[in-house]
Amino acid sequence: MNIPRLGGDGVWRWLSGACVALSLLAVVALLVLVVTRGLAHFWPADIEQLTLDDGQRIAGIARGSAAGEERYFTANRDLDGQVWRWVETQAIVTRETPPALLYAERRDWGSFIGRLTAVETPAGERLQGAEAERRLRRALAGDAEVATLYVRNVEGRELKVAFAQVASIAWPNRMDVGDKLAAWGHGVWRFLSEAPSDGNTAGGVWPAIFGTLLMVMLMSLVVTPFGVLAALYLNEVARQGPLTRLVRIAVRNLAGVPSIVYGVFGLGVFVYGLGGRLDSWFFAERLPSPTFGTGGLLWASLTLALLTLPVVIVATEEGLARVPVALREGSLALGATRFETLRRVVVPMALPSMLTGVILAVARAAGEVAPLMLVGVAKLAPEIPVDGEFPYLHLDSKFMHLGYHLFDLGFASRDTEAAMPLVFATATLLVLVIVVLNLTAIILRHHLRARHRALEHS
Amino acid sequence: MSAASFSAAETQRSSAVVDFPSTSSCFDIEALSLAYEGKPALRDLTLRVPRHRVTAFIGPSGCGKSTLLRGLNRLHDLNDQVTRNGRIRLEGQDIHARDVDVAELRRRVGMVFQTPNPFPMSIYENVAYGVRLQGVKRKRELDEIVEWALQSAALWEEVKADLHASAWTLSGGQQQRLVIARTLAVRPDVLLLDEPASALDPISTLKIEELIRGLKSQLTLILVTHNMQQAARVSDYTAFLHAGELVEYAPTDTLFTNPRLRRTEDYITGRVG
Ligand SMILES: Nc1ncnc2c1ncn2[C@@H]1O[C@H](COP(=O)(O)OP(=O)(O)O)[C@@H](O)[C@H]1O
Ligand SMILES: [Mg+2]
């Protein structure tokens, strides 16, 4: 074969090097983008008040600029009908950051930006000015009660907000870096620990984190024994021949089947087939409303277990194949049966590979969304599927999932643009979960290699 | 038995016989043929291995020494490409008989391989491994057996300070003695050694040879080696194999000083190999 050398090896070296660099750059850029945007969302940015040349007033948080225009997040959807404003830079006459401007997150209608004019206590007492703010702060800390807030946007339009509607209030223009850091930490914590609100565009993602983890855990409970036993059978029990070879090829190819196909399979076999059967046998009194005959935690876990089965089988088989024949024979020569050899020598040595396989399966499952949409993921299921009510773990219930939540926030919610920062925050979380899982797998595999090297060198 | 002499069986090519009372034979191999995927590796082999002696199998690489040795504890059972004809008797009993427990046979016929193969466990656990399989659970008893086995394998003094160190931290020679200790711990009747010193340095080799000589009061040893001096130093009987056939089998002194056949002489004097 004659490969044109184009000035020798140097060119190829540079070319391949450049490709590697480009790929690395793409990955790093992606991560930086997602992580910075995701984390920035919780930073209480200053609120600017602008006066335009036509006398209009706008208050908002600067979020980017393009072609001589600046973009502001102005909140107040209920007053303005929109939350974003593009402003020509030339049209801006003054820019201020008045300390009185507050940023409130509400459980409906999104956030609000404006000033506090008064508060009303449950007793009907109305407080104004500085006294109102003092009372509100105490109420936020839980030391006093407030029933209603009266607020005004920068154009002077009044709004009445029930205190119960308020998720958080901050006066970012008055905060120093320490305050902001504390508020940022608090925001991150709320994101991680609270249920979503306001049509998923506000609040946290706790049910989605929990749902993802629970589903993945159930999945590994299923896939581990099945995968490991299948690999043990293929590698240690079955007669090695054309048939085992065929099965092996089939298993490896199964890993390449598009995941949505597994979703369809799960829907047909688990949900309609198995679930329908279960319903007619055990939950007939509830029909026609389905119990197991609809998507749910159990079916989603089973579907993903099926999807990740090849990963576990392949990894386990590799681990088994790497146990030296000399050690197997050494054990047999001491009077161990094949089963004893398997249990005491082979399986312990292949254990790290099995674990690696399971972790890779978990990482794959944690990021998989498409099949779940068919077999049980929900847009909103703020109740987590574990509670104090028998049977405690509700396998038939729908659940939330980080990956699907991401999709829903970004592309199916009421105001996808306002939800963008949350999309990035959720993506950061998802990436983090998967990175941690993969790192664990890499470290385990490294230990395995080290052990085998130790054997070879001795 | 000391009067064992080479009785000529001139007419039978591969059934040279070493003469000792049949009551003192450990293995009795009769017309054994063995093939891998139809390719013969042993051809019509007949020989008797005396009890409580060291018998060496010598011969050029690929002549079937390992194949023969692995036939004696039925390690070939694992490979279903292997076909066998003929009979092997251990203490008079056919090892391929239906009622033979293969695991028990392998316990009785221990094997040490060319490359040391300690398990990825501590020194202690390596030696205790086979003993535990026999159902011994009491710590006291295990401790005693482990110490005895390590002492028998001349390794105790070197490892007693840290029995719980990984076996893989030992040197090659120590590992091989550990493997011998591990095998001795299950009290075998026979010890098969497949070139046990070929991967070791001269000093470790000497230690292993010394060990082999010392062990024959306890059990029967069969040593495969490609090292003629080694065979001459440690064995009582030597069988010379070539291309899957038994060429000559005689007391070691006789075979090395006065071989009956030209082929044997050529091999031991290094003219072919
Ligand atoms: N597992 C096996 N499969 C196929 N052929 C084998 C196998 N083991 C050994 N052989 C063949 O059998 C013959 C004898 O081998 P072996 O007993 O290992 O010889 P030695 O130990 O005397 O060097 C050789 O030709 C070898 O290639
Ligand atoms: Mg060999």
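The values are calculated or read from the model by the stated rules, or taken from the named source; none is laboratory data. In this text the structure is predicted, and so the values were computed from the model without any measurement. Note: ideal-geometry Cβ built from the backbone for every residue, glycine included; neighbour counts use all protein chains shown. We work out accessible area using only protein heavy atoms, side chains counted, and drop any ligands, DNA or RNA first. Shrake-Rupley method; radii C 1.70, N 1.55, O 1.52, S 1.80 Å.
Scanning the range A:367-396 for residues that are within 22 Å of A:Gly203 (Cα to Cα), open to solvent by less than 30 Å² (accessible area, probe 1.4 Å) and touching a residue at least 60 places away in the same chain (Cβ under 8 Å) yields A:Val377, A:Ala381, A:Pro385.
Sort out for me the strands (runs of 3 or more DSSP E) sitting completely within the range B:188-273 that have 3 or more residues that are open to solvent by 30 Å² or more (accessible area, probe 1.4 Å).
Details: elements: B:190-194, B:220-224, B:237-242, B:245-251.
It comes to none.
Among the residues of the range B:90-119, the ones that are open to solvent by 60 Å² or more (accessible area, probe 1.4 Å) and either modelled with pLDDT of 95 or more or within 11 Å of chain A (Cβ to nearest Cβ) (or both) come to 4 in all.
Looking for something of a type in the set (Ser, Thr, Tyr), touching a residue at least 12 places away in the same chain (Cβ under 8 Å) and away from ligand 2 (no atom under 16 Å from the Cβ) - is there at least one such residue anywhere in the range B:56-65? Please lay out each step first, then the result.
Of the range B:56-65, the ones of a type in the set (Ser, Thr, Tyr) are B:61.
Now restrict to residues that are touching a residue at least 12 places away in the same chain (Cβ under 8 Å): B:61.
Checking the rest, the ones that are also away from ligand 2 (no atom under 16 Å from the Cβ) come to none.
Among the residues of the range B:56-65, not one is of a type in the set (Ser, Thr, Tyr), touching a residue at least 12 places away in the same chain (Cβ under 8 Å) and away from ligand 2 (no atom under 16 Å from the Cβ), which makes the answer no.
Among the conditions (1) within 20 Å of A:Ile442 (Cα to Cα); (2) among the β-branched types (Val, Ile, Thr); (3) under 22 Å from the mean Cα position of the chain (by Cα), the only one that A:Val312 does not satisfy is (3).
Here's a check for you: in the range A:321-346, which residue that is of a type in the set (A, V, I, L, M) and within 7 Å of another protein chain (Cβ to nearest Cβ) is surrounded by the fewest Cβ atoms within 10 Å (Cβ to Cβ)?
The first filter runs over the range A:321-346 and keeps only residues of a type in the set (A, V, I, L, M), leaving A:321, A:323, A:325-327, A:332-334, A:336, A:342, A:345-346.
The next check asks that each one be within 7 Å of another protein chain (Cβ to nearest Cβ); those that pass are A:326-327, A:332-334, A:336, A:345.
On the way: A:Ala326: 15, A:Leu327: 18, A:Leu332: 23, A:Ala333: 26, A:Leu334: 28, A:Ala336: 24, A:Val345: 22.
If we take residues in the range A:321-346 being of a type in the set (A, V, I, L, M) and within 7 Å of another protein chain (Cβ to nearest Cβ), then A:Ala326 is surrounded by the fewest Cβ atoms within 10 Å (Cβ to Cβ).
The test for being without any contact (Cβ under 8 Å) to a residue 12 or more places away in the chain, assigned to a loop (DSSP other than H, G, I, E, B) and farther than 19 Å from A:Ala164 by Cα holds for A:Gly55.
If a residue counts only when it is of a type in the set (Lys, Arg), which helices (runs of 4 or more DSSP H) contained entirely in the range A:211-298 have at least 1 such residues? Reasoning before the result, please.
Numbers: elements: A:242-254, A:259-265, A:276-282.
Fully inside the range A:211-298 and qualifying: A:242-254, A:276-282.
Within the range B:199-223, the residues that satisfy the criterion of being within 14 Å of chain A (Cβ to nearest Cβ) and either modelled with pLDDT of 90 or more or within 16 Å of ligand 2 (Cβ to nearest atom) (or both) are B:Ala199, B:Leu200, B:Ile222.
For the range B:58-72, the count of residues that are out of contact with any helix residue (DSSP H, G or I) (no Cβ under 6 Å at 6 or more places or on another chain), more than 14 Å from every other protein chain (Cβ to nearest Cβ), in a loop (DSSP other than H, G, I, E, B) and under 22 Å from B:Gly130 (Cβ atoms) is zero. Before we move on, is B:Pro50 under 30 Å from B:Gln174 (Cα atoms), away from ligand 2 (no atom under 15 Å from the Cβ) and of a type outside the set (A, V, I, L, M, F, W, C)? So B:Pro50 passes the test. In the set (1) open to solvent by less than 60 Å² (accessible area, probe 1.4 Å); (2) away from ligand 2 (no atom under 14 Å from the Cβ), B:Leu78 fails one condition alone, (1). Summed over the range A:195-252, the residues that are polar (S, T, N, Q), more than 24 Å from A:Arg343 (Cα to Cα) and either open to solvent by 40 Å² or more (accessible area, probe 1.4 Å) or touching a helix residue (DSSP H, G or I) at 6+ places or on another chain (Cβ under 8 Å) (or both) give a count of 3. Of all residues in the range A:268-288, one or more are open to solvent by 80 Å² or more (accessible area, probe 1.4 Å), assigned by TED's automatic domain parsing to the domain that holds A:Ile359, in contact (Cβ under 8 Å) with a residue 12 or more places away in the chain and of a type outside the set (Ser, Thr, Tyr).
Of all residues in the range B:137-177, which are aliphatic (A, V, I, L, M), within 11 Å of chain A (Cβ to nearest Cβ) and open to solvent by less than 10 Å² (accessible area, probe 1.4 Å)? Spell out how you get there, then give the answer.
In the first step, residues of the range B:137-177 are kept if they are aliphatic (A, V, I, L, M); the result is B:142, B:145-146, B:149-150, B:153-155, B:159, B:161, B:163, B:165, B:167, B:170.
In the following step, the residues that additionally are within 11 Å of chain A (Cβ to nearest Cβ) were identified as B:167, B:170.
Scanning the range B:137-177 gives a single hit, B:Ala167.
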